[in-house]
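Chemist: Dropping a structure here in structure tokens format, bear with me for questions.
The values are calculated or read from the model by the stated rules, or taken from the named source; none is laboratory data. Just so we're clear, the structure is a prediction, and the values are computed from it rather than from any experiment. Methodologically, a virtual Cβ is constructed for each residue, glycine included, from the backbone with ideal geometry; neighbour enumeration extends over all protein chains shown. Areas reflect the complete protein model, heavy atoms only, side chains present, ligands, DNA and RNA absent. Shrake-Rupley method; radii C 1.70, N 1.55, O 1.52, S 1.80 Å.
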Amino acid sequence: MADHSSFFGSLKDKLFGKSNEKKEAEKQKPKVEATPKPRQERKAPYLVQIGFDFGTSFSKCIYREAIQNQAWVYTSNRYHSPEQPFLIPSTIVYDGEKFKRHEDSRYQYPTGGLYHLKFALEKVALEDWNASVLNGYKKSLGDWNKDSLTNFVKNSAVFFLASSIEEILDDIKARFADIGAHPSDLIRINMAIPVADIERPNVKKLYTEILEEAWAIAPKLQHAPSIRQADLENLRHTCKRDSNYCFVYPEVSANVQAFINSPAANPHVTTIYLFSDTGAGTVDQSVFTYTRHNSTLNYFSANVWPIGSRACRQSF
């Protein structure tokens, strides 16, 4: 049965206000501090997959949080390209001692520039020392031999990739402010290279080596505007490479994956696609079918031709 005295006492207080005795009694009550709610821990980890397209003149990057299935295009205002902020110039500058990034994408060939890093790596891996793409690297070295040229090209490529990765990681950390708080948070990187290079073990091995070194070195650059070649080389030789976080795969597959996940893809098994990618150095083409219900890709043919939009400019 309800307590009538309590009910009418409460009603009286509302109508006429509390008596002085009640007010005094309430003042004597100890105040109880509200206990703040504990911050809820994230149950699901972040799994961020970086997709880096190592291009001849420009590189691009998309990263995806796999568990949420959301993706973002990496953009930067560093390279003076407001209309195409997703383009990363694949050129670096060497002044005889230090490497630095080429930051103005309006100019393709700066003074002291080292160009077409991707092709230079390929020719070094194939030991094609007379390739015209290596002329600029030889000129920067002065006196050179096979070992010094190989090392110089590797240093150049590692610096470009490491400094690019450093910027991309900054962007990821800005988007996911608490990344690293969960013990299973993970960031990995895939790098797209020409399909012809994937099929040549020496070339694929060198690309993989360079990517793994760049991944290990990126956090140690500390956003320095330039780095002495000797210091970079020391970082390369002391870094701990880990193949669990880095993977190279053919550019054609990267392009096809984007297509088959779009509404434009026809799921019918008999539909044959011809995919053509015209880059600065090469034209990549592939013919395939795709079955959506079991996510099967069937390649009939894939090839790369050195007839890209800028392939004619290889020596300086």
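Chemist: Identify, please: which residue in the stretch 62-87 is within 14 Å of Glu167 (Cα to Cα) and over 12 Å from the mean Cα position of the chain (by Cα) and is, among those, least open to solvent (accessible area, probe 1.4 Å)?
Modeler: Within the stretch 62-87, the match that is least open to solvent (accessible area, probe 1.4 Å) is Tyr79.
Chemist: Let me ask another. Filtering the stretch 237-283 down to residues that are charged (D, E, K, R) and part of a loop (DSSP other than H, G, I, E, B), which residue is most open to solvent (accessible area, probe 1.4 Å)?
Modeler: The residue in question is Lys240.
Chemist: Okay, moving on. Of a type in the set (Lys, Arg), surrounded by fewer than 20 Cβ atoms within 10 Å (Cβ to Cβ) and assigned to a helix (DSSP H, G or I) - does that describe any residue in the stretch 210-232?
Modeler: For the stretch 210-232, residues of a type in the set (Lys, Arg), surrounded by fewer than 20 Cβ atoms within 10 Å (Cβ to Cβ) and assigned to a helix (DSSP H, G or I): present.
Chemist: Sticking with this one: Given the criterion open to solvent by less than 50 Å² (accessible area, probe 1.4 Å) and touching a Pro at 6+ places or on another chain (Cβ under 9 Å), identify the matching residue among Ser90, Ser59, Ser140.
Modeler: Ser59
Chemist: OK, next. Out of the stretch 176-212, which residues are within 17 Å of Glu251 (Cα to Cα) and out of contact with any helix residue (DSSP H, G or I) (no Cβ under 7 Å at 6 or more places or on another chain)?
Modeler: The answer is Asn190, Ala196, Glu199, Arg200, Pro201, Lys205, Thr208.
Chemist: Pairs needed: first member in the stretch 41-66, free of Cβ contacts under 8 Å to residues at least 60 places away in the same chain; second member anywhere, crowded, with 19+ Cβ neighbours inside 10 Å and of a type outside the set (Gly, Ala, Ser); C-beta distance under 6 Å; at least 6 residues apart or different chains.
Modeler: Pairs that qualify, where the first residue is free of Cβ contacts under 8 Å to residues at least 60 places away in the same chain and the partner is crowded, with 19+ Cβ neighbours inside 10 Å and of a type outside the set (Gly, Ala, Ser), are Lys60/Asp53.
Chemist: Please go through (1) modelled with pLDDT of 80 or more; (2) within 22 Å of Ile193 (Cβ to Cβ); (3) open to solvent by 80 Å² or more (accessible area, probe 1.4 Å) for Ser309 and return the number of the only condition it doesn't satisfy.
Modeler: Ser309 satisfies every listed condition except (1).
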